[in-house]
Amino acid sequence: GWITDEYGFEWNFLLFAIMMSTVLLVTAFGLPARSKKEQAQYDRLNNNGNQDGEMEEISDQPRICTLISSVLRLPVLLWLTEVAVIGAGMSLVDSFFFVFLQDDLKGSTRLCGYSVGVTVLFEVPVFHYSKYLLKEWGHDVLFVVAMVAYVIRAFGYTLLTASTVHWVLALEVLHGITFACMWIA
């Protein structure tokens, strides 16, 4: 919000491009293709000879039949449907959220910025405890928590008016929980 107020909206795109370029460079040049454990396992399997003394070649590519049969299992199809539905809903809300705040509720760009800050503030602890949450609750419960938090948040947006627009910050706590629980699950 502050950058938009001080320098104009175009600077947001420039900063986003710089950040995404940094992520792209780190991903392309800084991340190994395999972890050390995976590489050791790959090397061990490739260096073992078979009964005839020939090297057994390990393929990096999955077999297409195995891939298709894995994806077409009912639990996987249901999970893919859940992810598509919540992803479409979140995309729709995220695309028009600031437009709704500013045009319909007369919220400021600073309020938009604060809303992002509140979201991140609540995502970080959830991500920090992700291993514990996944172990204790499991991915199914975390996904349900994400969907329930999303529904409550989206319904809460419909109750906002120009005089209650600042309550959006309380609703953004649920966005942090939705986003983090969805990605952990």
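The values are calculated or read from the model by the stated rules, or taken from the named source; none is laboratory data. Computed from a prediction, not measured in an experiment: that's the story for all the values here. All Cβ positions, glycine included, derive from the backbone under ideal geometry; neighbour counts span all protein chains shown. Ligands, DNA and RNA are stripped out before the accessible areas are found, and what is left, the full protein with its side chains, is counted by its heavy atoms. Shrake-Rupley method; radii C 1.70, N 1.55, O 1.52, S 1.80 Å.
Observations
- Of all the criteria given as (1) among the β-branched types (Val, Ile, Thr); (2) over 19 Å from the mean Cα position of the chain (by Cα); (3) open to solvent by 80 Å² or more (accessible area, probe 1.4 Å), the one not satisfied by residue 99 is (3).
- Being under 16 Å from residue 145 (Cα atoms) and over 16 Å from the mean Cα position of the chain (by Cα) is not true of residue 111.
- Listed by first and then second residue, the pairs linking a residue in the stretch 4-33 that is touching a residue at least 12 places away in the same chain (Cβ under 8 Å) to a residue that is open to solvent by 100 Å² or more (accessible area, probe 1.4 Å), with Cβ atoms under 9 Å apart and 6 or more places separating them unless they lie on different chains, are 4/11.
- Just one of the numbered conditions (1) closer than 30 Å to residue 76 by Cβ; (2) at pLDDT 90 or above; (3) among the small types (Gly, Ala, Ser); (4) open to solvent by 20 Å² or more (accessible area, probe 1.4 Å) is not true of residue 180: (4).
- Residues in the stretch 159-179 that are in a helix (DSSP H, G or I), touching a residue at least 24 places away in the same chain (Cβ under 8 Å) and not aliphatic (A, V, I, L, M): 166, 172, 175, 176, 178, 179.
- Count - residues of the stretch 13-24 that are open to solvent by less than 100 Å² (accessible area, probe 1.4 Å) and either modelled with pLDDT under 75 or of a type in the set (A, V, I, L, M) (or both): 6
- Residue within the stretch 115-128 that is at negative phi, open to solvent by less than 70 Å² (accessible area, probe 1.4 Å), touching a residue at least 40 places away in the same chain (Cβ under 8 Å) and in contact with a Gly (Cβ under 6 Å, 6 or more places away or on another chain) present: yes
- All positions within the stretch 142-177 that are open to solvent by 70 Å² or more (accessible area, probe 1.4 Å) and among the aliphatic types (A, V, I, L, M): 144, 148, 151, 152, 159
- Taking the listed residues 117, 53, 107, 87, the one that is modelled with pLDDT of 90 or more and more than 16 Å from residue 157 (Cβ to Cβ) is 117, with no other qualifying.
- For the stretch 1-12, the criterion of being on the phi < 0 side of the Ramachandran plot, surrounded by 11 or more Cβ atoms within 10 Å (Cβ to Cβ) and under 22 Å from the mean Cα position of the chain (by Cα) is met by at least one residue.
- Test: residue 131 is at pLDDT 90 or above and on the phi > 0 side of the Ramachandran plot: no
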